[in-house]
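The values are calculated or read from the model by the stated rules, or taken from the named source; none is laboratory data. In this text, all values refer to a predicted model and were calculated from it rather than measured experimentally. FYI the Cβ positions are ideal-geometry reconstructions off the backbone, even for glycines, and counts take in every protein chain you see. Side chains included, ligands, DNA and RNA excluded: accessible areas come from the protein's heavy atoms. Shrake-Rupley method; radii C 1.70, N 1.55, O 1.52, S 1.80 Å.
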Amino acid sequence: MSNSAGTPGEITRRQMLRRIGLTALVAGPGAGLLSACATGGSPAATSSAAPSAAAATSAANPFGVAAGAPLEVVIFKGGLGDSYATEVHEPLYKKAFPKAEIKHVATQQIAQTLQPRFAGGDVPDMIANSGTDLMDNAALQQEGQLLELTELWDAPSIDDPSKKVRDMVAPGTVESGLITGKPYVMNYVFSAYGLWYDAALFEKEGWAPPKTMEEFKTLCEAIKAKGITPFAFAGKNASYYAYWMILISAAKIEGNQLLLDIDNLVDGAWTRDSVKQSAAAWAEIGKYMDKSFEGLIHTEVQTRQNQGKVALYPSGSWLENEQKSQTPEGFKYALTPTPSVTAADKLPFEAIRAAAGEGYIVPAKAKNPKGGLAYLRIMLSKEGARGFTEKSGNITVVTGAADGLELSPGNASLSAAQTAAGQNIVTYNSFEGWYKELETELRKQTNALMFGRISADEFCEKMQKAADKTKADSSITKQNRTV
Amino acid sequence: MRHGKYPFIVGFLFAPVVLYVVFVISPYIQAFYIALTNWKGISANPQFIGLENFTRLFDDEVFWAAVRHHGVLLLVVPLATIAIALFFSFLLNLSGGQKGGQMTGLLGSKFYRVVFFLPQVLAVAIVGVLFQAIYRPDETGVINSLLAKVGVEPVGWLIEPDLALWAIMGVMVWQAVGFYVVLFSAGMSSIPRDVFEAAALDGAGRFTLFFKITLPLLWDTMQVAWVYLGIAAFDAFALVQVLSVDRGGPDNATTVLPLEIWRTAFNFSKFGYASAMGVALFFMTITFAALTLRVTRRERIEF
């Protein structure tokens, strides 16, 4: 052995490696860094609403927006695109306030873009808080970051100054944006939820959408015999489509009080018979799925429906628009309500979940919050809403704004379903936004139930346990709703 | 000349040290503080709540599932990676016998070296997307379509709770092997060739050469590799995020701490609790690294 104590180069290489190793050791658990430089200094208190404070209110300008105050609008550029903002609402705002400069920001990552700005106190004036990476509205409200929208809902409508804005929108719209009993979120898009199918295919095969779960099973057999997967959802990122169905069915059995009780974390709400019956019925339908759907994402499964490989798909009314580029000629989207589970269901088969979705918020500490309110009021005008429907293909909460527009097959079916449902509306779940941990658990357990790893009873018990945990967690602010 | 030495060194060190303190050390210190608060990530005035976040960790089912997974990762990923990398680098460098007094690798070893290193060059997100296609659970997946050719039913690589974590570990090993092949190759080429010559003269075969000569003389390098891979086993965030069912599923079967930290902070708006998890992870990593360096310490062979 050549005992030459190592050449200098040799030592350097080893020591280098070791040093890099130690550096990595210090830099390795980088996750601890995620909240970097977060609570450093208090944000500059100077940036609050000073510049736009003073301007007289008038019939045309009920909030007293300062004419020259610039407006910054942040739009979630997802399924709805952002041309409805750049080509409809922003020009309308510019028309109302010609001296105002509008800054338009489009992003797919609302939270990543805005969370640091909220922490730093430099916030925009209006935010389309949507998408997978939306910010937690309840948390924002709790920190005093959201502007209360009562002033907006009570303002005179642009189309008919004798009426308030709140009277121009679909019932339940204002209520859907309540946090701790006050309106903070303007939900704009009118959505209905149910099972989507290709009306052309069903007509060709002589299938009718099922009215009861028994019929649903019989239909599933018939569809399966044709080599088509009867029912599907995507477990990898869209199991909430399936839990919506479970909760809608449960609400049809017991009535909307169930959804209120679930939201209000009432003891034992998840273990009630209605939830058990619904979960058991849907688990039966789950058996007709292909196991592999658990590892696929929503667009992959949706595209299979467009290819005629999947018959019924649970989703909301944005589906048609989302799949536009994939939908083949002759494919006709149609919506059917969730089938009745028992003969004694409180709500009829025709009952449908309809809700206002896609939240828009005005930050309380914006530089031009009045401008943000005025922008929302413009969105809620007939002209603004109509333009939105034209650009995005979605119907808004503004009643009658889409009248006379030529509707797509899906939207036409949606409006027919709404007419059939009448007053029989299944309401929404607020816990999805209020208690994210509960929602995450529900996603997990829904996959486990629908792909046959747990029984309906286990599903209910696990969810009740998660709800109890949320209820007992002092660090989560509890919400309540009565409507 | 000599009196100018220190300002010269300080001049060089100043900028990196400042950067390191600002972007690495200070966030760490902040994370320790945030872990003791109920900060929600939005306002600038978190409340101090003592050790509540840490006591909460004790009965957090998901946290312990993640810790268990790190235990499995810690055993499997370094062992498998080091074993495979050692085998390959031995084949590449030393197994071809002697040529002109120089140990050589197999025929075409330069080509293989490039092939092995390739995954290391790919960003981990790209590797994730690649393996989405490879592991796709239906018959359109790369592996499953091959299996279908021999009449095997599609395997749910990432959707079977018992299989998912192993599938992800497979990706981690696949990606890491190339780098350690290069690292061990460097180590092997620094072993003096007279050692091999002497052993070969004494009639040692490839097997003996590997276990009696190469392995002991590579010990330092392997120790470093072990620490590196261990730290990688405490991460796995990106692959789990991209590949697993609903980020950590099915049924928590693949979740890891960095993922839960991310989810707790950015989905649940519990930055305080997430920081507590981060602090726990920090101590686990430190403990692991210190233990590894201590336990594997051996008498160094000088040559």
1 or more residues under 26 Å from B:TRP262 (Cα atoms): qualifying helices (runs of 4 or more DSSP H) within the range A:386-483: A:431-434, A:436-450, A:456-472
Elements of type helices (runs of 4 or more DSSP H) contained in the range B:183-299, each with 3 or more residues being more than 10 Å from chain A (Cβ to nearest Cβ), at pLDDT 85 or above and buried (at least 18 other Cβ atoms within 10 Å of the Cβ): B:219-233, B:237-243
Criterion violated by A:ALA334 - all others in (1) under 23 Å from A:ALA232 (Cα atoms); (2) in a loop (DSSP other than H, G, I, E, B); (3) among the aliphatic types (A, V, I, L, M) satisfied: (2)
Hey, A:GLY308 open to solvent by less than 50 Å² (accessible area, probe 1.4 Å), under 20 Å from A:THR446 (Cβ atoms), among the small types (Gly, Ala, Ser) and not in a helix (DSSP H, G or I) or not: no
Pair list, Cβ under 7 Å, 6 or more apart: the range A:163-189 residue within 18 Å of A:ILE378 (Cβ to Cβ) and not assigned by TED's automatic domain parsing to the domain that holds A:ILE361, other residue open to solvent by 50 Å² or more (accessible area, probe 1.4 Å) and among the aromatic types (Phe, Trp, Tyr): none
Total residues in the range A:97-120, condition buried (at least 18 other Cβ atoms within 10 Å of the Cβ), out of contact with any strand residue (DSSP E or B) (no Cβ under 6 Å at 6 or more places or on another chain) and touching a residue at least 24 places away in the same chain (Cβ under 8 Å): 6
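Take B:LEU165 and tell me if it is open to solvent by less than 40 Å² (accessible area, probe 1.4 Å) and out of contact with any Lys or Arg (no Cβ under 8 Å at 6 or more places or on another chain).
yes
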Tally of residues being open to solvent by less than 50 Å² (accessible area, probe 1.4 Å) and more than 10 Å from chain A (Cβ to nearest Cβ) across the range B:19-53: 2
Given (1) over 25 Å from A:ASN187 (Cα atoms); (2) touching a residue at least 12 places away in the same chain (Cβ under 8 Å); (3) of a type in the set (A, V, I, L, M, F, W, C), index of the condition A:VAL266 fails: (2)
Answer from B:LEU130, B:LEU165 - the residue that is farther than 19 Å from B:ALA66 by Cα and more than 13 Å from chain A (Cβ to nearest Cβ): B:LEU130
